[in-house]
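The values are calculated or read from the model by the stated rules, or taken from the named source; none is laboratory data. All values derive from a computational prediction rather than experimental measurement. Neighbour counts run over all protein chains shown; Cβ positions are idealised from the backbone, glycine included.
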Amino acid sequence: MKRPSTPTLIRAFGQVLAVSYPLLALSAGARALYQLFFKPGVTDYLPPILSAVAASLYLVATVAFVRRAPWAWWVSVVVLTFETAGVLGVGTLSRLMPEVIGRTVWHDFGVDYGFLPLIQPILGLVWLFWPENRRAFFEPKAKPLA
């Protein structure tokens, strides 16, 4: 019996995620490093620490997307759920108390990054829960013919 193919839109989500997560890991990490170690006059360390947390989550998500194993699927779901909560929480607080949050990857729901930090974990969760994609993480790999 032939399985239904993954719709083009869902495949496109996967392609966007394959590019966006490593790029955001690099840019958020560079932002955090610059703010922590090279930017003169930094007195508030919350923004760069939040950016470093975001970069770490992006990196973990990137690795977990690449691996096709049940543990990787679960790691991806947990990381993307935490990322979504982080973006919504920090984004909301940055609107209510901008002096407390400062400029982070997630401030104003990721406005400095074209709102990609808000959109990409939602796309990622849709992609992960799509039946064919989920199956790819949980089905045993075919053994090579000897």
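At a glance:
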{"quantity": "Residue that is over 23 Å from residue 18 (Cα atoms) and modelled with pLDDT of 90 or more, where the choices are 111, 100, 90", "calculated": "90"}
{"quantity": "Filter pass, residue 128 being surrounded by 17 or more Cβ atoms within 10 Å (Cβ to Cβ) and under 25 Å from residue 5 (Cβ atoms)", "calculated": "yes"}
{"quantity": "The stretch 64-86 residues that are touching a residue at least 24 places away in the same chain (Cβ under 8 Å) and under 17 Å from residue 130 (Cβ atoms), paired with ones that are surrounded by fewer than 17 Cβ atoms within 10 Å (Cβ to Cβ) and acidic (Asp, Glu) (beta carbon under 9 Å, 6 or more apart)", "calculated": "68/139"}
{"quantity": "Within the stretch 48-75, tally of residues that are surrounded by 23 or more Cβ atoms within 10 Å (Cβ to Cβ), within 11 Å of the chain's Cα centre (by Cα) and not hydrophobic (A, V, I, L, M, F, W, C)", "calculated": "1"}
{"quantity": "Sole residue being β-branched (Val, Ile, Thr) and touching a Pro at 6+ places or on another chain (Cβ under 9 Å), chosen from 62, 43, 8", "calculated": "62"}
{"quantity": "Inter-residue pairs, beta-carbon under 8 Å, first surrounded by fewer than 10 Cβ atoms within 10 Å (Cβ to Cβ) and in the stretch 1-25, second modelled with pLDDT of 90 or more, 6+ apart", "calculated": "3/132; 4/132; 5/132"}
{"quantity": "Every pair of residues 6+ apart whose Cβ atoms lie under 6 Å, when the first sits in the stretch 105-122 and is part of a helix (DSSP H, G or I) while the second is among the acidic types (Asp, Glu) and crowded, with 20+ Cβ neighbours inside 10 Å", "calculated": "121/83"}
{"quantity": "Selection within the stretch 95-107 - surrounded by fewer than 19 Cβ atoms within 10 Å (Cβ to Cβ) and either of a type in the set (A, V, I, L, M) or in contact with a Lys or Arg (Cβ under 8 Å, 6 or more places away or on another chain) (or both)", "calculated": "96, 97, 100"}
{"quantity": "Scope the stretch 27-52; condition within 17 Å of residue 84 (Cα to Cα) and in contact with a Phe, Trp or Tyr (Cβ under 9 Å, 6 or more places away or on another chain); matching residues", "calculated": "28, 50, 51"}
{"quantity": "Of all residues making up the stretch 110-120, the number that are within 11 Å of residue 83 (Cα to Cα) and not polar (S, T, N, Q)", "calculated": "3"}
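Here's the yes/no breakdown for (1) in a loop (DSSP other than H, G, I, E, B); (2) of a type in the set (A, V, I, L, M, F, W, C); (3) at pLDDT 90 or above:
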{"residue": "36", "(1), (2), (3)": "no, yes, yes"}
{"residue": "42", "(1), (2), (3)": "yes, yes, no"}
{"residue": "63", "(1), (2), (3)": "no, yes, yes"}
{"residue": "68", "(1), (2), (3)": "yes, no, no"}
{"residue": "73", "(1), (2), (3)": "no, yes, yes"}
{"residue": "76", "(1), (2), (3)": "no, no, yes"}
